[in-house]
Amino acid sequence: MADSALNPTSNVSAYYQTRSSQHAVVTSDWLAQAQAAVSRHTDDGDLLGSDGRAAAIGGRGEGSGKAFSVIDEFNSWRKQPDLAEAVAAIRALAAVIRTSEATTMMELEIELKKASDSLKSWDATSISLTAGCDLFLRYVTRTSALEYEDFNSAKSRLIERAEKFGEISCKARRIIAMLSQDFIFDGCTILVHGFSRVVLEVLKTAAENKKLFRVLCTEGRPDRTGLRFSNELAKLDVPVKLLIDSAVAYTMDEVDMVFVGADGVVESGGIINMMGTFQIALVAHSMNKPVYVAAESYKFARHYPLDQKDMAPALRSIDFGVPIPSKVEVETSARDYTPPQYLSLLFTDLGVLTPSVISDELIQLYL
Amino acid sequence: MDTRRVSSAVPRVRQVGFFTPNTPAHQPAPTRSQSGPPTSDSPPLSDSPASNSLSPVMIPPPRHLSDNLGGRAYALPVPGRGNAGEHATVGSYNPSESVLWLESPPRSRIGDEELSEGTESSLGWYRRSNSAKVASSLPSGGFDLSQVKQPESVAAVEAKNPLPEKSEAQKEQASNPKSLKAKTTKAERRALQESQRAAKAASKAEANKSNAPGGAASSKPVKQPPQKKDGPPVASSVAASERGVDRPVEKERKKDLPPPRMQFDDESRVGKAKRRSLLNQPEARNRVELFRHLPPHKNASQLPYLESKFFELHEMHPSVYKVGLQYLTGDTSGGNARCIAMLQAFQEAIRDYSTPPEKTLNRDLTSKIGGFVSFLIECRPLSMSMGNAIRFLKSRIARLPLTLSESEAKAALCSDIDRFINEKIVLADKVILRHAATKIRDGDVLLTYGSSCVVEMILLYAHEIGKQFRVVVVDSRPMLEGQKLLRRLVAKGLSCTYTQLNAISYVMHEVTRVFLGASSIFSNGTVYSRVGTASVAMVAHAFHVPVLVCCEAYKFHERVQLDSICFNELGDPDAVSNVPGREDVNYLDNLTDKQKENLQLLNLKYDATPSDYISVIVTDYGMIPPTSVPVIVREYRKEYLLI
């Protein structure tokens, strides 16, 4: 894949490119087809990757042979629209373990570290990718502290854990959906921004439990997330209303709560999410409406942005539909940071948390 | 000096222990004037030194009251008496150590006569006690004299306490047992003291009932004469006596509860502390009412006096003494510097320590460290970093396995201290540097306040790795610490701006980040730091500028503090009115004394910044929000206490 070679140098965030392509075209039947296709692909993907790519691109040096296959593997996993980035990364790292020739735990750890570093540098903007890699490495380090007589049994245990991680991810969504049911009452109006699969799960469960509520979706330019989301909700027979992004303050007084997902949850307790989340949180806070965030625990990352510009820039091109004069600059950042004081609660698979607990969990996890 | 005490200059002899009754023990005349007991005691005193060398059990009496014994450990021999010419072999006291003392810094400032006298007294003291060789565990080692002196000095101090009580009680109760002055046995004296205390409490209660102001007023001036107090404090005591109804009651209530720390508005406690204290501190003139509970500032002018006391402090290790002097003069300031200096001094002391024969190392060394700590508190109140380090050290001592030999134990403790300094301070600072430098971008304008060693390190490091930024150094009177930081930064080539705290809102609009240091961070996220920090953080918050507080994790404390009043440190009040280098600017000179009475000068050293103004705390555990401080305390306090 040519873009793998280009990616380290370009500014465009692969994460957001992928998400946008997924939002634009994917429907649930496409989803089923894609999954089938991918699972066929990955069976021979490993062999193709390590041989073909190393020959084709070549000049990256020896160690990159392995790294290359990691990225390749990762990309193949990432194509599945229903799979979270972090899970894809962990599955890729599991593949690294499987194909590794290390004979000691230390060696394996070093290999994993190298693979994870290359994954992280390939897309420096994706928080959940970084978080997922760190989490898996942390798990490996902790496990290797235990005494295993047999290196192979340790290896297989790690692989098994990595495989299970995908299931954990799905289970996490279900736990979060269950926890948030208490907060959705009959007759409430929910404002949603961005396309989060977790939030979709939450609303699906609420609809299944026969709750009566209606949803306001922001359009979510330039990704048109709102269109996709309203599509899904319409299938569930939930009353949906679409707004343009500028109409949020206008409709905020008829809203009871705001629900968003998160691309990453940072150490301060704030979230990094699609562009526009901060704006909506500000309006909601000033009008005393609660802002709820639904995020799995593997999205907790050890970043600490102090302001909007303190993160690695994640850019994606915006198509305005009309040609823009060349002298005009366009703000192409794809995400923003919402500080913790504007968030009410976070629904995670660890429970319903306040923003200050995030740091507590991170300290326990990483230190 | 306390003039009235000095008039009763002849020290009273407290002959303790196995004292044979027919030696100059006599019933002093029942005349109860203040100078009465000492003069009646002087005959025995003049006898005792002569008899000292004869009586096998004789332990020289402590110095007289006016020398303000500093705690139990500082009971002192009568200088020069009976020791002249008796400095032959030193016995089992380590001669090299005594030489060490002679070469310690205070020596250079003390006259030769004092030196010889002190030396002779110290050496003679040891020699005499060693020649005594008594079964009652006279020590044969360096620092263990305190053990012997403790019981007697405890009794001495306790016995001295009744003196002002008695003189007060005498006015209220005629039938006070005069026999206190009798050379009774320890047990009898204890019983007497108990009865006196009960009597005093009873008299207080009855004074309470019967027009408390009168009783309180009479009790206070009576207690005060033994201590030197100037006019205004008497006025303040009169003012206090106007609240006298609640005050005696409060005092009694306070006596029941163990005080967490010294509350300096409690008259009786202040009195006792003054008697025990080492520094001869004249009562500060006008102290602000709201801050009367804080210990008064120890003037650096006490330095020569404290130096001269060196040879009276036998248990004081010279390096601890040196560190204390440095605190007093302000040569060593800053949380990390003070903590490291103290720990290194303790290391020296531990290396020189040897366990007395019938004591365990754990307990004895712990009490020794406790003695050092009270001396350091005398010189300057402890900072939080020092407090945590002392807790660490005491827990390490307590955890020493009993099977270790003395040298192994000492080596283990010294290496523990080294490890603490290295891990918790030196390496922690390195980690903080790396984290904080990621938050500095090119083109930033960084603001800092005062002079924090960690912030200085961060700025220099970021400059070294090539980040382009400029620094605004904000400073404030009277300490003007920012000037030193400014000099060091400019010397390294950073572009700096310097301003005073009153211009903070003028400068803040162009600032992109604020870096602050901290003396400690409490469990509710409140940052306890140099006074003025709270103002800087508040203005930064109002301008939406992120505030980064850089602090090592060992300075975290589980205490919660809501304001800057209940716990703080007072500085020199005169520094507020004096401007160094500008003698013409002291408007207080023209004020009359009466006008000055209404003027109260306040110089606070620390203040508490609420957690809302702090964006992030950079520690060696990473960058954490202020709400996570109790998490670190919870998770990692156990860790280093248990290693």
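The numbers here are math on the coordinates, done by the rules we state, and not lab data. A quick note: this is a predicted structure, and the numbers were derived from the prediction, not measured. A quick note on method: Cβ atoms are made from the backbone with ideal geometry, for glycine too, and the neighbour counts reach across all protein chains shown.
Annotations for the structure displayed:
- Virtual spin-label span in nm between B:Cys566 and B:Thr366, 7 Å along Cα→Cβ: 2.8
- Of the GluC sites (Glu not before Pro) found in segment B:323-411, those that fall in a DSSP loop while having at most 12 other beta-carbon atoms within 10 Å are B:Glu358.
- The separation of segment B:554-587 from segment B:495-524, counted between C-alpha centres, amounts to 18 Å.
- For segment B:499-537, backbone nitrogen atoms closer than 13 Å to the point 7 Å from B:Ala575 Cα along Cα-to-C-beta are found at B:530-532.
- Taking amide H as placed 1.01 Å from N in the peptide plane, the amide H of A:Arg335 sits under 5 Å from that of A:Met275, A:Ala314, each at least 5 places away or on another chain.
- Whole-Hz ³J(HN,Hα) from phi, Karplus 6.51 cos²θ - 1.76 cosθ + 1.60, for segment A:307-321, glycine and proline x: 8, 4, 8, 7, 9, 5, x, 10, 10, 9, 6, 10, 9, 7, x
- Per-residue packing, averaged as other Cβ atoms within 10 Å, sorts the ranges A:174-185, B:393-404 into the order A:174-185, B:393-404, beginning with the highest.
- Alpha-carbon gyration tensor eigenvalues x 5, square-rooted, for segment A:305-367, Å: 36, 13, 11
- Partner chain coverage, peptide B:431-444 - average Cβ within 10 angstrom: 1
- Amide H contacts of B:Ser520 (H built 1.01 Å from N, in plane; Pro and chain starts excluded): B:Tyr528 sit under 5 Å, all sequence-distant by 5 or more or on other chains.
- The three principal axes of the Cα atoms in segment B:337-384 give end-to-end lengths of 34, 18, 15 Å, sorted in falling order.
- Across segment B:578-640, Cα-Cα pairs farther apart than 17 Å form 67% of the total.
- Between A:Lys164 and A:Ala312, the contour length at 0.36 nm per residue exceeds the alpha carbon distance by 50.2 nm.
- Dmax and Rg, reported as Rg then Dmax, of segment A:193-268 (C-alpha, Å): 12.6, 38
- If you model segment B:471-602 as an ellipsoid using its alpha carbon gyration tensor, with each semi-axis the square root of five times an eigenvalue, the axes come out at 29, 22, 14 Å, biggest first.
- Amide hydrogen neighbours beyond the local backbone of A:Lys241, cut-off 5 Å, H modeled: A:Val215, A:Leu216, A:Cys217
- Inter-chain neighbour count for B:545-552: the average number of beta-carbon atoms from partner chains within 10 Å of each residue's beta-carbon is 1.
- Separation of segment A:168-205 and segment B:412-483, taken as the distance between their Cα centroids, equals 45 angstrom.
- Coupling constants for segment B:386-395 follow from the phi torsions by the Karplus curve (6.51 cos²θ - 1.76 cosθ + 1.60, θ = phi - 60°), and in residue order they are 5, x, 5, 5, 5, 4, 4, 5, 5, 5 Hz; glycine and proline get x.
- Above-threshold pairs, the threshold being 31 Å between Cα atoms, out of A:Lys79/A:Lys171; A:Lys299/B:Lys492; B:Lys492/B:Lys555; B:Lys322/B:Lys394; B:Lys322/B:Lys555: A:Lys299/B:Lys492
- Cα centroid separation, segment A:233-249 to segment A:264-307 (Å): 21
- Rounded to the nearest Hz, the phi-derived 3J(HN,Hα) couplings of segment A:132-141 under the Karplus curve 6.51 cos²θ - 1.76 cosθ + 1.60 (θ = phi - 60°) are x, 4, 4, 4, 5, 4, 4, 4, 4, 4, where x marks glycine and proline.
- Relative contact order of segment B:532-643, defined on C-alpha pairs under 8 angstrom at six or more residues apart (%): 40
- Mean partner shielding of peptide B:625-635, defined as the number of other chain Cβ atoms within 10 Å of each residue Cβ, is 5.
- With R₀ fixed at 35 Å, the C-beta to C-beta distance from B:Glu510 to A:Asn288 puts the FRET efficiency at about 0.55.
- Rounded D (µm²/s) - segment B:292-433, Kirkwood Rh over Cα pairs, Stokes-Einstein at 10 °C, 1.306 mPa s: 99
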